[in-house]
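Working notes for the structure below.
The values are calculated or read from the model by the stated rules, or taken from the named source; none is laboratory data. Predicted, not measured: the structure shown is a model, and the values here were computed from it. Neighbour counts run over all protein chains shown; Cβ positions are idealised from the backbone, glycine included.
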Amino acid sequence: MVVLEEPYVSETLLNYLEKTQMPVLKNDFSVKQFSSHEKLNLIEGKEFLYQYHSMSSPLLYTVSEYALDGVCNALKGEYIIKQVTLLKDKYEFRKACEGVYKDFLFKEINYLDLFTFDISKIHLPVVLKPSVGFLSAGVYTIESFEDWKNAINDIENNFKSISDLFPDTVVGDNRFIIESYIKGTEYAIDVYFRDKEPVIINIFEHRFSSTKDVSDRLYLTNKVLFDKYLEVFTDYIRGLNFVLN
């Protein structure tokens with residue numbers, strides 16, 4: 001079952017959904033696609049939920065985090081939403097993993113407390129970011145008091161206008177997290193689970209121009225990189241899934 005939402009859906013996916021007749025939630029965005037893809041199997045909200053709950057092992061797919069708000073409200077209290085929240089909320093995720101990473105510093109701070117927080121009590125460097133975030137919005141590398149002051153000023157003057165572009169389930173503006181800065185190469189992984197086993201479909205190396213660069217501009221991949229880390233990351237995700245469940 002599929003939920004389509006802003007800002008984008010590919011022709012490849014739309015053609016696949018037409019061909020397979022997979023149930024697609026009828027919402028404003030999917031109705032727009034229907035004008036050029038009239039074979040889409042659009043299902044009204046109540047019927048969509050009924051079909052979802054009728055499945056022995058319900059599977060729900062969405063291409064956009066913009067869909068999270070509607071999905072979380074429709075399935076409030078269900079196990080899948082607890083897991084989505086755990087993975088989306090950086091502070092809750094780190095709390096769940098703190099038994100594994102015992103030396104990793106992380107601390108949550110409310111928005112108003114940022115302006116009086118004494119950064120000298122924290123061993124630098126650290127990263128400051130929203131507890132619920134997206135696209136590197138509101139992310140800062142803090143290596144000095146000057147960095148901290150600049151970050152707080154930027155949050156006060158600019159972050160609200162950025163966070164207002166997204167639902168609260170995508171970018172929140174009330175809670176922030178300070179965490180250890182980890183030196184080394186960052187990797188991004190696309191993974192799903194089949195019969196409780198992780199299946200990795202993409203491995204990317206995330207390149208940065210400097211320690212201050214927190215952008216999502218450059219991701220690289222190739223077969224050598226994929227083959228080198230497939231087993232390592234599969235084992236890691238398998239262990240992480242055990243911790244989170």
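Odds and ends about this structure:
- Criterion violated by V100 - all others in (1) hydrophobic (A, V, I, L, M, F, W, C); (2) surrounded by fewer than 12 Cβ atoms within 10 Å (Cβ to Cβ); (3) within 13 Å of the chain's Cα centre (by Cα) satisfied: (3)
Residue-by-condition table, conditions (1) at pLDDT below 90; (2) under 30 Å from V132 (Cα atoms); (3) polar (S, T, N, Q):
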residue	(1), (2), (3)
V9	no, yes, no
E18	no, no, no
V31	no, yes, no
E44	no, yes, no
S54	no, no, yes
S64	yes, yes, yes
N73	yes, yes, yes
L86	yes, yes, no
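- Candidates D195, D213, D227 - the one that is modelled with pLDDT of 90 or more and of a type in the set (D, E): D227
- Sole exception among (1) touching a residue at least 40 places away in the same chain (Cβ under 8 Å); (2) out of contact with any helix residue (DSSP H, G or I) (no Cβ under 8 Å at 6 or more places or on another chain) for T62, by number: (2)
- Restricting attention to the stretch 214-245 and to residues that are of a type in the set (D, E, K, R) and under 19 Å from the mean Cα position of the chain (by Cα), the residue that is surrounded by the fewest Cβ atoms within 10 Å (Cβ to Cβ) turns out to be R217.
- Count of the stretch 38-50 residues which are surrounded by fewer than 17 Cβ atoms within 10 Å (Cβ to Cβ) and either outside any helix (DSSP H, G or I) or under 26 Å from the mean Cα position of the chain (by Cα) (or both): 6
- Tally, over the stretch 144-192, of residues that are within 23 Å of Y101 (Cβ to Cβ), modelled with pLDDT of 90 or more and surrounded by 12 or more Cβ atoms within 10 Å (Cβ to Cβ): 10
- Every residue from the stretch 65-79 that is touching a residue at least 40 places away in the same chain (Cβ under 8 Å) and touching a helix residue (DSSP H, G or I) at 6+ places or on another chain (Cβ under 6 Å): C72
- Scanning the stretch 1-37 for residues that are of a type outside the set (S, T, N, Q) and assigned to a helix (DSSP H, G or I) gives E11, L13, L14, Y16, L17, E18, K19, D28, F29, V31, K32, F34.
- In the stretch 67-97, the residues that are among the polar types (S, T, N, Q) and surrounded by fewer than 12 Cβ atoms within 10 Å (Cβ to Cβ): N73
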